[in-house]
Amino acid sequence: QLQFVESGGGLVQAGGSLRLSCVVSGSTFRFRIIGWYRQAPGKQRELVADISTGDITNYVDSVKGRFTISRDNAKNTVYLQMNSLKPEDTAVYYCNDKYGLRNWGQGTQVTVSS
């Protein structure tokens, strides 16, 4: 039973950067594949990136080369470094166990202006 707390969102202009953090509570964190998800108004939630216990990463095509997911098992934290942000990246960003998808946090708002 993992719990998730997201932070780091904000308002930036196109081309700017943000670093999101996800603090995960639970002793099994290091054994889980953790993903970052986002949901824009009127759209379904989509998986943006995920990272395995062996640091294998996956990204949706639209963010490849711009976003980097990483994890620090000692701190029970997953990060999402977001560079070259575009207006279409605007959404609420969440993190979760890719195979659990329960106990959603409040998310963190990312807004990118043109």
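The values are calculated or read from the model by the stated rules, or taken from the named source; none is laboratory data. Quantities reported herein were computed from a predicted structural model and do not represent experimental measurements. Backbone-built Cβ (ideal geometry, glycine too); neighbour counts: all protein chains shown. Note: accessible area is taken over every heavy atom of the protein model, side chains too, but ligands, DNA and RNA are not part of it. Shrake-Rupley method; radii C 1.70, N 1.55, O 1.52, S 1.80 Å.
Each of Asn96, Leu2, Gly16 was placed along the dipole of the chain (beta-carbon charges, centred on the mean Cα), and the one lying farthest toward the positive end is Leu2. Solvent-accessible area assigned to carbon and sulfur over the range 26-114 amounts to 46 percent, based on a 1.4 Å probe.
Taking all Cα pairs closer than 8 Å and separated by 6 or more residues, the relative contact order of the range 56-105 comes to 22 percent.
Computed from the C-beta positions of Gln13 and Thr68, the FRET efficiency with R₀ = 22 Å rounds to 0.65.
Structural descriptor for the range 15-70: relative contact order 24 percent, calculated from alpha carbon pairs under 8 angstrom and at least 6 residues apart. The charge dipole of the chain, taken about the Cα centre with unit charges on the Cβ atoms of Lys, Arg (+1) and Asp, Glu (-1), comes to about 100 debye, rounded to the nearest 20.
For the chain, the solvent-accessible area with a 1.4 angstrom probe is 54 square angstrom per residue. Note on the chain: Rg/Rh from Cα positions, Kirkwood definition for Rh, rounded to two decimals, is 0.94.
Here the contact order of the chain, divided by its residue count and restricted to Cα pairs under 8 Å and six or more residues apart, works out to 37 percent. Averaged over residues, the count of other Cβ atoms within 10 Å places the peptides 61-69, 40-48, 77-85 in the sequence 77-85, 61-69, 40-48, highest first.
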